[in-house]
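Working notes for the structure below.
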Amino acid sequence: MSDQLARGLPPIDDEYQGPSWWHLSRLADARTNRGMRRIALLGLLILAVSLATGVLNVTWDWNGIPVRIGSLEVPVTIYPPFVLSLLSAVWLGPTWGLVPAYTANLGGALVAGLSPVMSLLFALAGALEVLIFWGSMVTLNINPDLRRRRDLARFGLVCLIAPITASLAALLWNTAHGLDTAEGLRVWRGWVVGDFLQAVLVVAPLLRFAGPRARAWIDRQFAAPPHYEVTYTRAAMLAAVTFSLIAVLVFVGIYELQESLDLDPRARTSSGQLLGERLREMQLYLGVLVAALTVSASVFSNVLARMGERQRGLSRRESLTGCFNRRAFYELFPREVERARRLGQGVAVVFLDIDHFKNINDRHGHETGDRVLQQLSARLFGTIRETDLLFRWGGEEFVVLLPHTDPGEAPALGERVRAAVAERPFLANESHHGVSITVSVGVAGAADWPVDPDALLARADAACYRAKEAGRNRVKAEAPA
């Protein structure tokens, strides 16, 4: 049994290492939780500083500042709200970063003289950039502490993609201010280069060197556990909304650009058609294209999400019995341990092994053995609590994870499992006589943190081995330390 435990842990690259997050709705806990009041004050401070520096970016013209590197002159935009919003998204959650990003862009756009409608649209660009950053870190499984070279490389790639994508909204800015081509390119390049440099030179070092302490402090302030996973459905919706908003920004930008052209109403193309009518035709087809892309992205994202959820569910289940598999254990264990820690409770595992199962296969055949395993799983599902999780560990071995359970209560739950198995034969309604089996059960628990899943399983496995040595069909708790 112990050699199987040693092979149970999947490679670290297969585990989720990306950012955790809390919903913005957790602010409702501020009325009763002192830690949440600190988080609320922090959020207000970030919002205020983001709005103030967003306005200063416009009034002091921090856009496209020429920076000379040797013989090369590079325009750079300084935009502090981007740094604050991105750190908020990575350490707290996406909505915590979207709010200051959107607010800062909106305030800056209004101060710069954009119309209210254009300001509302332009403000989406900053929020989309933060969303692309956060979504990419989740999708690419980038650890927010950037400890591995792989994380640094992937983060660097995102530092290029997100600013370039969001900077398409520069069309709106340039058109609203009537900038010529050269000046418009300066603003656009400053946006891309500035955000890239801020992400690489400011955000990345803060994530790597201040991240662990900052995340630990934030974690202590929340009463509720963070989220660690994004479902395929939500990821697909997120992608569809992101692409749709980008398409809308580009369409409005091109539309406004065409409308700003100072053309003679009588101007004609080389073929003799009115130029204004041809431009309006182009706008129509561009609008149809944007609508088609939006609908297509939504439909295909939804289909892929459903397929992904189905495949994910199958990958976590063992085909014969329907129990969770070993891979699922290492995915679910951190979540349950975190929940138990926050509730101030323990966690325990029950390791059970069917006694003399080889004799059943030798006497009745492997097909009968498989049906026994299926019925045993069904009986175990009916015996354990709704909050408990059942895993087939391999062969005739099963593991029950007991979340938020005091270690002292675990032996009684193990005894209930043992008694349920021995209570009546299996396959009793089939043509041959029923098959009676018993199980040896080992129990181990923990109430101190952190908890190593392999160490906890090894202690339960050792207790199960002692149950077999003591005569089988019994429960043994882990030996006292």
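Laboratory data are not the source of any read-out in this text; all were calculated from the coordinates shown. None of these values were measured; they are calculated from a predicted model. Note that we place each Cβ from the backbone using ideal geometry, even for glycine, and neighbour counts take in every protein chain shown.
Here are some notes:
- Cubic angstrom per residue, convex hull over Cα atoms of segment 315-450: 98
- Working from label points 7 Å from Cα in the Cα-to-Cβ sense, the A153 to I65 distance is 3.4 nm.
- Base-10 log of normalised Debye intensity for segment 329-403 (one unit scatterer per alpha-carbon) at q = 0.16 Å⁻¹: -0.64
- Taking one quarter of the surface of the C-alpha convex hull of segment 370-481 gives a mean projected area of 7.5 nm².
- Percent of alpha-carbon pairs separated by more than 11 Å within segment 136-177: 68
- Alpha-carbon gyration tensor eigenvalues x 5, square-rooted, for segment 170-210, Å: 30, 9, 5
- Mean projection area, nm², convex hull over Cα of segment 352-395: 3.2
- Taken along the Cα-to-beta-carbon direction at a fixed 7 Å, the label points for N361 and A378 span 2.2 nm.
- Kirkwood hydrodynamic radius of segment 20-171, from the reciprocal of the average inverse Cα-Cα distance over all distinct pairs: 16.5 Å.
- Segment 463-479 and segment 147-173: distance between their alpha carbon centers, rounded to Å: 56
- Distance distribution note for segment 387-444: the fraction of Cα pairs above 18 angstrom is 44%.
- Between A419 and F209, full extension at 0.36 nm per residue minus the direct alpha carbon distance yields a gain of 70.3 nm.
- Within the shell of other residues whose beta carbon sits under 12 angstrom from the beta carbon of T165, the net charge comes to -2, with Lys and Arg scored +1 and Asp and Glu -1.
- Sum of side-chain charges, I78 neighbourhood, beta-carbon under 11 Å (Lys, Arg +1; Asp, Glu -1): -2
- Here each label is just a point 7 Å from Cα along the line to Cβ, and for L24 and L120 those points are 1.6 nm apart.
- FRET E, pair L72, V250, Förster distance 30 Å, beta-carbon r, rounded to 0.05: 0.55
- Other residues whose C-beta falls under 14 angstrom from the C-beta of H177 contribute a net charge of -3, scoring Lys and Arg +1 and Asp and Glu -1.
- Largest-first ellipsoid semi-axes for segment 20-74, taking √(5λ) over the Cα gyration tensor eigenvalues, angstrom: 39, 14, 8
- For H404, residues with placed amide H under 5 Å, excluding near neighbours: A340
- Across the alpha-carbon atoms of segment 34-112, the computed radius of gyration and Dmax are 14.8, 55 angstrom.
- Peptides 369-381, 80-92, 57-69 ordered by packing proxy, namely the average of other Cβ atoms within 10 Å per residue, highest first: 80-92, 369-381, 57-69.
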